[in-house]
Structures are given as C-alpha cells and as structure tokens.
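> Take a look at the following structure, please.
The values are calculated or read from the model by the stated rules, or taken from the named source; none is laboratory data. Quick caveat: nothing in here was measured; it's all calculated off a predicted structure. Note that we place each Cβ from the backbone using ideal geometry, even for glycine, and neighbour counts take in every protein chain shown. Remember, those area values only see protein heavy atoms, side chains included, never the ligands or the DNA or RNA. Shrake-Rupley method; radii C 1.70, N 1.55, O 1.52, S 1.80 Å.
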Amino acid sequence: KIQCCPVPTSIFSNHTAFDEYFYTDYTTHMDDYISQWEKLDLHFNGILTGYLGSPTQIDIVKKFIERFKSEDTTIVVDPVMGDDGLLYSAYSKELSQKMCSLIPYADILTPNLTEACILTDTEYKRDMSADELLTICKTLCKMGPKKIVISGLERGSNLENFIYEDGKEPQVILEHKVGPFRSGTGDVFSTIIAADAVNK
C-alpha cells in the first residue's frame, strides 16, 4: 500500500549481465522532471535511491534529498555498484568513489558484500566472518547511516542478510536459497526494506 513515484535515471533494455544491452542516460532530463514535483509541492515519506550511472546523477539525487526530505522522511540508499567482488561493467572506480558522497544522506543503507567492501575500502572475500561484517558495518555507520543491511551473503545452500543498527547487537537472517542467481533481486530487497520503513 505504498505509492511509488519513480525518477528515471537510466533506461536499459536488459540488465548488464548480458553480453549486450541498450542503454539510455536520462541525466539531462532529471532536473526538469524533478522541478515539476517542486511546483506541485510534493512531499514524501520515504526516498529510495538505486542505480546511478554518473557523478552528475549522484549530485542530482543529493539535491533531490535536500529539497524533499523532511523530519518524517526515511532515506534508503541502495549503492548499486557491483557483485561477486567486481564493479558492474557500466561502472568505474571513479564513480564508485563518488557514491561515497551519497552515503551520509542515508538513514538505512543496503549494500551487498561487494558494495560494502568498496565503500569501506575493505578487501573482498566471499566468506566474511560475523566479526568482519560487524567491523564493516561500524565503518559504514561512521559515514552517516545508522542502520545497515548487508544483503545476499552466500552461506552454502543458504543466503544470509547481516543486519546492524548503531549501538545494538547485530542480527542475522538466514534462509534457504531457491534456484539459481537472479539479477535484480537486490533491487526488490531494498524496495521491501524501504516500504517497510515507511509503513512503520
């Protein structure tokens, strides 16, 4: 029961795990698009960020948050950058460094393990211990967000989500993995987190 109001940043024919894809950058239209919402004086209970394809888009999103955030607005940042220890093919190291500037705006941060390692300059390894994950989360909290979910950790035939809130003991949700890898599940996951945060 959440009304979603999307701001397009990029349009893909298919996800980038395919050998080929068609890609349209929407950056030049974003300011005009958002200015209409300013004229309408819209207000939002939550703001969720996802894939951002350029430094300019990251700056636009920061301005968007500054303009539309109120005391009752929850900001969820999903720093979509890579997986399996590697940046996505459409991403660059410079762009991943720019993503760090968006992290202080987040109330909740939902990186996968690759993204958490990139943001904290931590060497990636698939089998991180709970203590290592806790260290990463505490480092991320120092950057701004007070709630962290490191998603999609592979634990044999299970998937783990490592949950940390500043000043509290971490929690782990472990579920059996069903089927093969599916691109886009991280986007669905962060959307559920954002909707739940808004509903509380």
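> With every protein chain left in place, what is the accessible area per residue of the chain in square angstrom, probe 1.4 Å?
58 Å²
> I'd like to know which of ILE192, ILE148, ASN158 lies farthest towards the positive end of the charge dipole of region 138-199, counting +1 on Cβ of Lys and Arg and -1 on Cβ of Asp and Glu.
Of ILE192, ILE148, ASN158, it is ILE148.
> To continue, here is another question. Which whole DSSP H helices in the chain pass both tests: a Cα extent of 15 Å or more along the axis and a mean Kyte-Doolittle value no lower than -1.0?
Both cut-offs are met by 55-68, 130-142, 185-199.
> Using a Gaussian network for the chain with springs between C-alpha atoms less than 10 Å apart, which of these wobbles most: GLU154, GLU20, GLU175?
Residue with maximal mean-square fluctuation among GLU154, GLU20, GLU175: GLU20.
> Next question, about the same structure. Could you work out Rg/(2.2 N^0.38 Å) for region 68-145, with Rg from alpha carbons only?
In units of the 2.2 N^0.38 Å rule of thumb, it is 1.11.
> Report the accessible area of ASP59, computed with a 1.4 Å probe over the heavy atoms of all protein chains in place, in Å² rounded to the nearest 10.
60 Å²
> With an 8 Å Cα cut-off and a minimum separation of 6 or more residues, compute the relative contact order for region 1-158 in percent.
The value is 18 percent.
> Calculate the dipole size of the chain relative to its Cα centre from +1 charges on Lys and Arg beta carbons and -1 charges on Asp and Glu beta carbons; express the result in debye to the nearest 20.
With Lys and Arg at +1 and Asp and Glu at -1, about 300 debye.
> So what's the projected area for the chain, the Cα convex hull averaged over all directions, in nm²?
If you wrap the Cα atoms of the chain in a convex hull and average its projections, you get 11.8 nm².
> Semi-axes of region 130-200's equivalent ellipsoid from the Cα gyration tensor, sqrt of 5 times each eigenvalue, largest first, rounded to whole Å?
22, 17, 10
> What is the list of residues in region 175-195 whose amide nitrogen lies under 11 Å from a point 7 angstrom out from the Cα of ASN158, following Cα to Cβ?
Once the point is set 7 Å along Cα→Cβ of ASN158, 175-177 turn out to lie under 11 Å by backbone N, inside region 175-195.
> Another one. Using a 1.4 Å probe on the protein heavy atoms, what percent of the accessible area of the chain belongs to carbon and sulfur?
For the chain, the apolar C and S fraction of the accessible surface comes to 52 percent.
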